[in-house]
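**Q** Pasting in a structure now, in structure tokens, and then I'll have a few things to ask.
Read-outs throughout are calculated quantities, based only on the coordinates presented, and are distinct from any laboratory measurement. Keep in mind that what you see is a predicted model, and the values were worked out from it rather than measured. Backbone-built Cβ (ideal geometry, glycine too); neighbour counts: all protein chains shown.
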Amino acid sequence: MAEWIDRLVTARIDDHRSDPGSALSAPPGLRPPADASQISEFEGWLRQPIEPGYRQFLEFSDGMENFRSGMPLLGWRDLPSGDTLARALRFRDVITGIDVHLDEGLTEDAVLAPVSVNGDGTVGIFMVWDDESPEKRYFWVGNGDAAFFSTLSEVFDVASGARSWSEFSTE
């Protein structure tokens, strides 16, 4: 995990150096870790098991500011309310209301739990619980693009530029 966080922090620092005035390019802000009871409470709120990499991340940092272009990564402290969570839930309602998740191959029963959302609520990352598609654990969607990831480390790899979006894209 330290490896993916290091790659991400390096990428955000490089972004910041190239555009120091932009809040979107600021380095990620790591938080103090969540404890076991907080992670269990978070898992209950999400209504699905937390993928092992996400659990490990929460034990290291209970969320992250500016994980990707101003998008925070949610943690226990963001629940059960807050502006970021409210934006993520609104965005989830939009994509499920127009059946984007079905168009991309998820079932109607898939549970989409918010993991991240951008500032204007047009791009989001959701942890997926779908018995028929267990390999699809993360759904990153917005601005006409969509991709599926099996692990949080893959999400971090794309966010840091270590791997290409096209490896995971649904198109």
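**Q** What list do you get for VAL158, VAL9, VAL128, VAL115 if you sort them by fewest beta carbons within 10 Å?
**A** VAL9, VAL158, VAL128, VAL115
**Q** Cα centroids of the stretch 1-60 and the stretch 95-171: how far apart, whole angstrom?
**A** The stretch 1-60 and the stretch 95-171 have Cα centres separated by 17 Å.
**Q** Next question. So for the stretch 2-167, averaging the separation of alpha carbon pairs under 8 Å that are six or more residues apart and normalising by length, what relative contact order in percent results?
**A** Numbers: 272 pairs, mean separation 33.5, N = 166.
Relative CO of the stretch 2-167 lands at 20 percent.
**Q** A further question on this structure: Mean 1/r over all different Cα pairs, inverted: what Kirkwood radius does the stretch 2-167 give, in Å?
**A** When all Cα pairs of the stretch 2-167 are included, the Kirkwood radius is 16.0 Å.
**Q** Stretch ASP120-GLU108 to full length: gain in nm at 0.36 nm per residue minus the Cα-Cα span?
**A** Full-extension gain reported as 1.7 nm.
**Q** Given only helices, namely DSSP H runs of n ≥ 4 each adding -39500 (n - 2.57), what is the per-residue ellipticity at 222 nm of the chain, to the nearest 500 deg cm²/dmol?
**A** -11500 deg cm²/dmol
**Q** Next question, about the same structure. Under the classification rounded if a/c is under 1.5, otherwise prolate if a/b is larger than b/c and oblate if not, where does the stretch 28-104 fall, given a ≥ b ≥ c as square roots of the Cα gyration tensor eigenvalues? Mind showing how you got there, number by number?
**A** Details: a/c = 1.91, a/b = 1.49, b/c = 1.29.
Taking the square roots of the gyration eigenvalues as a ≥ b ≥ c, the stretch 28-104 is prolate.
**Q** For ASP14 and SER169 in one chain, what is 0.36 nm times their gap in residues minus the Cα-Cα distance, to one decimal in nm? The partial results should precede the final answer.
**A** Details: separation 155, 0.36 × 155 = 55.80 nm, distance 2.48 nm.
Gain on extension, ASP14 to SER169, equals 53.3 nm.
**Q** If you don't mind, there's one more thing I want to ask. Using 10 Å bins from zero, what percent of all Cα-Cα pairs in the stretch 103-171 falls into each bin?
**A** Computed distribution, short to long bins: 21, 57, 22, 1.
**Q** What is the fewest-to-most order of PHE126, PHE60 by other Cβ atoms lying within 10 Å of their Cβ? Please list the in-between numbers first.
**A** Values: PHE126 26, PHE60 16.
Going from least to most buried by this count: PHE60, PHE126.
**Q** Kindly put ARG68, ARG163 in sequence by how many other C-beta atoms sit within 10 Å of each C-beta, fewest to most.
**A** ARG163, ARG68
**Q** For the stretch 41-121, what is the relative contact order in percent, using Cα pairs closer than 8 Å and at least 6 residues apart in sequence?
**A** 33
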